[in-house]
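Presented below is the structure to which this report refers.
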Amino acid sequence: MPRYIDADKLSENIIERVNNPAIKSWLLSLINEAPIADVSEVKRGEWILEREPDNKPYCYHCSVCDSDFHYIGIKACYNYCPHCGAKMGGKDD
């Protein structure tokens, strides 16, 4: 399975920890020459239940894009937001 890394953070780590200028330069050039993976950041959110004044469930809305979904079973049906694609659960898996 591919393992994607943050090249900027790796470069910062090398700059801070490698003392030999020649090795530091070589490692940084390897990072800059590495192919770029076609990945996208995963948005994460959670369903927020809104209630009517009499405390009846009204709708859920996405914590990322704030879109309302009036189908009250959406929390059970979707583990992602159909509008923005955010992965629901709120925490990294």
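The values are calculated or read from the model by the stated rules, or taken from the named source; none is laboratory data. Values in this document were obtained by computation on a predicted structure and should not be read as measured data. Here the Cβ is made from the backbone with ideal geometry for all residues, glycine too, and neighbour counts use every protein chain on show. For the accessible areas, the whole protein counts, side chains as well, though only heavy atoms, and no ligand, DNA or RNA atoms are used. Shrake-Rupley method; radii C 1.70, N 1.55, O 1.52, S 1.80 Å.
Around VAL18, under 14 Å between beta carbons, what's the net of Lys plus Arg minus Asp minus Glu among the other residues? Please list the in-between numbers first.
Working: positive: ARG17, LYS24; negative: GLU12, GLU16.
The answer is 0.
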The chain: calculated mean residue ellipticity at 222 nm from DSSP helix runs of at least 4, using -39500 (n - 2.57): -8500 deg cm²/dmol
Work out, step by step, the length gained on full extension between ARG51 and ARG17: first 0.36 nm times the residue separation, then minus their alpha carbon distance; give nm to one decimal. 7.0 nm
Answer label, with semi-axes √(5λ) of the Cα gyration tensor in Å calculated from the coordinates and candidates (i) 45, 13, 9; (ii) 72, 14, 11; (iii) 26, 12, 11: (i)
Relative contact order, percent, the chain [alpha-carbon distance under 8 Å, six or more residues apart]: 22
For VAL42, solvent-accessible area (1.4 Å; no DNA, RNA or ligand), Å²: 80
Give me the percent of accessible area attributable to carbon and sulfur for the chain, probe 1.4 angstrom. 51
